[in-house]
Amino acid sequence: MATFYNQATLSYNNTVTNSNVVSGELLEVLSATKTAVRAEYRPDDRITYLISIVNTGTLPYTDLTVTDNLGAYESGATTLYPLTYVEDSLRYFSNGVLQATPVAQAGPPLTVSGITVPANGNALIIYEAAVNQFAPFGVDATIVNEATVSGGGLSTPITVTATIETEDIAVLSISKAICPA
C-alpha cells in the first residue's frame, strides 16, 4: 500500500528547526456508500437501492462480495426480514459501463459475488427490494438496511447502511355498491 512522510519546518528570527519525520501507510483505498432512491415506504412498495464502491488505489479489487441483510431485525428469538429482493432487478456497472449480471443469491440475506472495482475506478450495484409483511408500519417506523462489502483482499469488511421511514399517511380502501332495492 502507499506510504507517506511528513516533516514540519519552523523558522523564527533567522533560526530554522526541522521536526521529526513521521510516516504513515494508507491501508484501505476502498470506500462504499449505500443509498435508497426513496426516503419513505408504504405497504407493497418497491425500494431501489444503490451501493457505490470507489477504489482510489492503483490496483483493482477483484472477487468482492456484497451481502445485504434486507433490513433484518430480531423479534423475540426470530430474525425477520422486512424486505424481499426482487428477482432479476440487479444491475452492475463498472466505471459507468453496464456489466454482465454477477451471481446473486436472493437469501435472505441477499448475496452478490464476483464484483470487481477497477484501479482508480468505481462499481455501482443497483437493485430493488419489495416491502413485505414484516416491515414495521407504525408512525415514525424505519427500516435500517445494512450491506457489507468483503473479500477481494480487504483486511476488514466495509459496512454501509441506508434508512428509510414509513410514509405517514392513511392507507384506505373505499368501495361503493348499489342495491337494486
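The values are calculated or read from the model by the stated rules, or taken from the named source; none is laboratory data. Computed from a predicted model, the values in this text were never measured in an experiment. Heads up, the Cβs are rebuilt from the backbone with ideal geometry, glycines too, and the neighbour counts pull from every protein chain shown. The protein model used for the area step is the full one, side chains on, heavy atoms only, and it has no ligands, DNA or RNA in it. Shrake-Rupley method; radii C 1.70, N 1.55, O 1.52, S 1.80 Å.
Comparing GLY138, GLY152, GLY57 in a Gaussian network model of the chain where C-alpha atoms under 10 Å apart are linked, the largest mean-square fluctuation is found at GLY138. In the context of the full set of protein chains, residues of region 1-126 present 59 Å² of accessible surface per residue (probe radius 1.4 Å, heavy atoms only). Find the eigenvalues of the gyration tensor of the Cα atoms of region 79-178, then list the square roots of 5 times those eigenvalues as equivalent ellipsoid semi-axes, largest first, in whole angstrom. After diagonalising the Cα gyration tensor, the semi-axes are 34, 17, 13 Å. Structure remark: mean-square fluctuation, Gaussian network model of the chain, C-alpha springs under 10 Å; the largest value among VAL54, VAL149, VAL97 belongs to VAL97. Label-to-label distance for VAL139 and SER11 is 6.7 nm, based on points extended 7 Å past Cα in the beta-carbon direction. Normalised by 2.2 N^0.38 Å, where N is the number of residues, the alpha-carbon radius of gyration of the chain equals 1.50.
The peptide list 121-131, 38-48, put in order of mean Cβ contacts within 10 Å with the highest first, becomes 121-131, 38-48. Round to a whole number: what % of the accessible area of region 40-135 belongs to carbon and sulfur, probe 1.4 Å? Carbon and sulfur atoms account for 51 percent of the accessible area of region 40-135. Between ILE169 and SER155, the distance separating the two model label sites (each 7 Å from Cα on the Cα→Cβ line) works out to 4.9 nm.
On the beta carbon distance between THR33 and SER75, with R0 = 35 Å, the FRET formula returns roughly 0.75.
Sequence-distant contacts, meaning Cα pairs under 8 Å at least 6 residues apart, place the relative contact order of region 67-112 at 40 percent. Between ILE126 and GLN99, full extension at 0.36 nm per residue minus the direct alpha carbon distance yields a gain of 8.5 nm. When you restrict to C-alpha pairs under 8 Å that are six or more residues apart and normalise by the size of region 40-129, the relative contact order lands at 45 percent. Computed over the chain, relative contact order equals 26 percent, with contacts defined as Cα pairs under 8 Å that lie 6+ residues apart.
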